[in-house]
Amino acid sequence: MKIVNQLFVGIDVGSRNNAVYLMKPDGEKHSSFRMQNNRGGAKMLTERIVSAIQSQGLEGVVIGMEATSIYGDSLVYALREDGKLGQYPRKIHVLNPKLVNKFKESYPELPKNDDVDAFVIADKLRFGRIGKEVYMDDYRYKALQTLTRARFYAVQDLTREKQRFANYLFLKCSGLAQDKDIANTSATTLALMERFETVDELAFADLDELTAFIDEKGRNFADPAAKAKAIQAAARNSYRLPVTVNNSVNQAMAVSIATMRALEKQIKVLDKAIEQQFKIIPNTLTSIPGIGKVYSAGIIAEICDIHRFQSQASVAKFAGLVWTQHQSGEFEAQDRKLIKSGNRFLRYYLLEAANSVRRCDSEFRRYYDLKYKEVNKHQHKRALALTARKLVRLVFRLLKDNRLYKPPEG
């Protein structure tokens, strides 16, 4: 049953201080003030909210704040755990900043300051059409989310570092960087760059010694001698750097290699922590071939309770796996882009999971191949996004029905 007689509280969150606006049910101002973004400030806020509810004879409260990195998380915990506030019906919303900004456009000539933003948030709450409140009933999801998001950032850092190393590799040994059969950041390539100071040392190294070195570092080459010859040929065709420049590139490469190895170690540590935390959350996603515990955890950490979503389409929209539409009259564009909004963490784990599942499941592999052949550009990116969209439907149904995945026959 909807409560009409309630207080609306808009909070503009900052790293040090929060601006608060308390609005009556009819839209009139009750009060506005600032509070420190700490435990004492949260206690003062709840006391003022309770006082306003009591003095105005209200029945409950709706609290809203913008999603501002991690600065509002602790405040949400404090508001949910406060016993005085808990005696009243209350809802807590963490709003998308784009939603607030769009609503703010309906107020012409408003000044830009934190007090005004708090007012706009409170009035947005009063008008409604916000969706479900922030989900923090089960802190297991938040604990898992902290780990999966940390892993996401570590993977992004590793990707950027690999690109930096690839640039250094081109400077030192351009032929090796250009060879498609030699991975730029493979263990063998890293070992070669550490072992040989200059490209000439690599190009004219003893072939038998180089073969033995590659066989030891690579460990999976069917013909290490042929690989050694290919590497030397690439080195001989490479540009030569001045000695001073070459020395600086070596130093930069050494730092980059150390960074990549440290990040890879961090990711392994996070993977173990994720798997450990994931054990206490029942799920059926790991029954999908190829999805694995880490990707399943990343998906569930963002979705939380599947019953928050009415349909698989709402999950896809939440993840940003829906496409913009460009239509005018009878014309409709064929080259459409994914919407820019959505949960980037959920989208990342769905895309990674889809890429893994399509290698292990015949139905997803067939679907990916079909979508790949439909166009002549962006084949993999498009096919993978569509495969992830297909995966959303499966994820929603498995979690909603609490059942295991049954691969298609044949």
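Each reported figure results from applying straightforward, stated rules to the coordinates on display, with no laboratory input. The model shown is predicted, which means the values in this text are computed figures rather than measured ones. Here Cβ is always computed from backbone atoms with ideal geometry, including for glycine, and neighbour counts include all displayed protein chains.
Structure values in brief
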{"read-out": "Listed values [x] 26.2; [y] 25.5; [z] 22.2, entry calculated as Kirkwood radius over Cα pairs in Å", "value": "[y]"}
{"read-out": "Length released on extending from ALA262 to LYS381, taking residue separation times 0.36 nm less the Cα-Cα span", "value": "39.9 nm"}
{"read-out": "Rounded to the nearest 20 debye, dipole of segment 282-401 from Cβ charges on Lys, Arg, Asp, Glu", "value": "220"}
{"read-out": "Spin-label proximity, ASP369 to segment 392-410 - amide N less than 15 Å from point 7 Å beyond Cα toward beta carbon", "value": "410"}
{"read-out": "Taking ASP138, ASP123 and counting other C-beta atoms within 10 Å, the order from fewest to most", "value": "ASP138, ASP123"}
{"read-out": "Sparsely packed GluC sites (Glu not before Pro) within segment 56-123, loop by DSSP, other Cβ within 10 Å at most 12", "value": "GLU105, GLU109"}
{"read-out": "Above-threshold pairs, the threshold being 25 Å between Cα atoms, out of LYS337/LYS377; LYS337/LYS371; LYS272/LYS337; LYS293/LYS406", "value": "LYS272/LYS337"}
{"read-out": "Inter-centroid distance (Cα atoms) of segment 133-193 relative to segment 340-378, Å", "value": "20"}
{"read-out": "Inter-label distance for THR159 and GLU109, nm, one decimal - labels placed 7 Å from Cα along Cα-to-Cβ", "value": "4.6"}
{"read-out": "Sparsely packed trypsin sites (Lys or Arg not before Pro) within segment 115-208, loop by DSSP, other Cβ within 10 Å at most 15", "value": "ARG129, LYS132, LYS180"}
{"read-out": "Selected from HIS307, LEU171, ALA212, residue furthest toward positive end of dipole (the chain; charges at beta carbon)", "value": "HIS307"}
{"read-out": "Cα gyration tensor category, rounded, prolate or oblate, for segment 282-401 with a/c compared to 1.5", "value": "oblate"}
{"read-out": "Cβ charges +1 (Lys, Arg) and -1 (Asp, Glu), total dipole of the chain, debye", "value": "940"}
{"read-out": "Relative contact order for the chain, counting Cα pairs under 8 Å that sit 6 or more residues apart, in percent", "value": "12"}
{"read-out": "The chain: calculated mean residue ellipticity at 222 nm from DSSP helix runs of at least 4, using -39500 (n - 2.57)", "value": "-18500 deg cm²/dmol"}
{"read-out": "Spacing of the two label points (7 Å from each Cα toward its C-beta) at ALA254 and TYR71, in nm", "value": "4.1"}
{"read-out": "Likely footprinting exposure, LYS377, LYS400, fewest C-beta neighbours within 10 Å first", "value": "LYS377, LYS400"}
{"read-out": "Point-to-point label distance, LYS98-ARG34, nm (Cα→Cβ direction, 7 Å offset)", "value": "3.1"}
{"read-out": "Integer Hz, Karplus 6.51/-1.76/1.60 couplings in order for segment 198-207, x for Gly and Pro", "value": "10, 5, 5, 4, 6, 5, 10, 5, 4, 5"}
{"read-out": "Least to most buried among ARG90, ARG359 (fewest other Cβ within 10 Å first)", "value": "ARG359, ARG90"}
{"read-out": "Distance between segment 82-127 and segment 5-29 - C-alpha centres, whole angstrom", "value": "7"}
{"read-out": "Rounded to the nearest 20 debye, dipole of segment 1-146 from Cβ charges on Lys, Arg, Asp, Glu", "value": "200"}
